[in-house]
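To keep things clear, I will list the structure first and then write my remarks on it.
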Amino acid sequence: MRFLIVDDSSTMRRIIINTLNKLGHQDVAEAGNGREGLDRLTAGPVDLIITDWNMPEMSGIDFIRTVRSMPAIKDTPVLMITTNAAKDDIVEALKAGVNSYMVKPFTPDIMKEKIEAVLAR
Amino acid sequence: MSPAVTIDTLFIDELIAATRDVFKKMVFQDVKASLPILGDAKRPKANVMGTVAFAGKTSGLVVFYSSMDAAQIITASMLETDPGHITGELADAIGELTNMIAGSFRTRVAHAKGEMWAISVPTVTVGSDFYTKYCSDVQRVLCPFHMKNKAELFVELIVTRSAAQ
């Protein structure tokens, strides 16, 4: 199973990769913002996108909207990880096409639950 | 002369809870909180300072302070690597740590008081012999914490006086 992590923080990308590795997932690609994420996706499909919200160049929300508009990748499951935890934020993310939403800080158990729930859809 | 105003104790409690939660989940260690210090009677000795601003009905700053050694230990723990291998990652890690503390604090206050705030991207200052001066129209509370190795950390809440009233 191949994952794509889109986050401008190299620390957060490393934390997510370490967590995925602990959960048995080794095939992980990285991108520093939405635009780089799109470049990675055009190079090859992934099974799950994990993205931040607030990023330079292209935000997580704009990135997801673009993914959902591209026929070849529009059905890729997306999990958003962010500190934006207000109800309005979650509604906006879901409207943009996020499949599930996880608030920082998180534990490996929470991430496991979220990934399983997204992939089970 | 401005009337004496104190920061809502709920803010202090939620900031301490947010900090402890972030350390437990993302730094993989518990931190012990000491009694908060109101005002600017104590200035933390720090080589690393992370700052996130927030704005809404209440406006201000959340500021994280630590020594360079403590910041390296925190960064290494977040990245699950050896502190001796930490070089360029420190600023990004402390920025992300401060961002999570401020974001979690904002969420907790939103749940408790219904206040919605916007928060800024984090900024990180690394160096020595620096002093940050704020305008006089603020209230501040400094929350000390201790890590397992006894290293002292601080998280400060700075609230504009007009918002505090």
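The values are calculated or read from the model by the stated rules, or taken from the named source; none is laboratory data. Fair warning: this is a prediction, and the values are worked out from it, not measured in the lab. No Cβ is skipped: glycine too gets one built from the backbone with ideal geometry, and neighbour counts run over all protein chains shown.
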* **Total residues in region A:41-55, condition of a type outside the set (A, V, I, L, M, F, W, C), away from chain B (no Cβ under 14 Å) and either over 17 Å from residue A:65 (Cβ atoms) or under 12 Å from the mean Cα position of the chain (by Cα) (or both)** => 4
* Of the residues that make up region B:56-66, is at least one farther than 16 Å from residue B:157 by Cβ, at pLDDT 95 or above and small (Gly, Ala, Ser)? -> yes
* Within region B:54-63, can you find the residues that are touching a Ser or Thr at 6+ places or on another chain (Cβ under 9 Å) and either loosely packed, with under 15 Cβ neighbours inside 10 Å or within 14 Å of chain A (Cβ to nearest Cβ) (or both)? -> B:54, B:55, B:62
* Scanning for something surrounded by fewer than 17 Cβ atoms within 10 Å (Cβ to Cβ), more than 8 Å from chain A (Cβ to nearest Cβ), under 22 Å from residue A:13 (Cα atoms) and touching a Ser or Thr at 6+ places or on another chain (Cβ under 8 Å), does region B:69-88 turn up at least one residue? -> yes
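Go through region A:17-64 and report how many residues are in a helix (DSSP H, G or I) and either touching a Gly at 6+ places or on another chain (Cβ under 8 Å) or of a type in the set (A, V, I, L, M) (or both). Walk me through it before giving the result.
First, the residues of region A:17-64 that are in a helix (DSSP H, G or I): A:17-22, A:34-43, A:60-64.
With either touching a Gly at 6+ places or on another chain (Cβ under 8 Å) or of a type in the set (A, V, I, L, M) (or both) added as a condition, the list becomes A:17, A:20, A:34, A:38, A:41, A:43, A:60-64.
Here the count works out to 11.
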* Identify, by number, the condition in (1) at pLDDT below 95; (2) in contact with a strand residue (DSSP E or B) (Cβ under 9 Å, 6 or more places away or on another chain); (3) under 24 Å from residue B:160 (Cα atoms) that residue B:50 doesn't meet. => (1)
* Got at least one residue in region A:73-85 being more than 20 Å from residue A:118 (Cα to Cα) and of a type in the set (A, V, I, L, M, F, W, C)? -> no
* **Positions within region A:61-90 being closer than 23 Å to residue A:14 by Cβ and away from every other protein chain (no Cβ under 14 Å), in sequence order** => A:63, A:64, A:76, A:77, A:78, A:79
* From B:119, B:74, B:86, B:101, grab the single residue that is within 18 Å of residue B:11 (Cα to Cα), among the β-branched types (Val, Ile, Thr) and in contact with a Leu (Cβ under 8 Å, 6 or more places away or on another chain). => B:101
* When the residues of region A:6-16 are filtered to those that are within 14 Å of chain B (Cβ to nearest Cβ) and not in a loop (DSSP other than H, G, I, E, B), which remaining residue is surrounded by the fewest Cβ atoms within 10 Å (Cβ to Cβ)? -> A:10
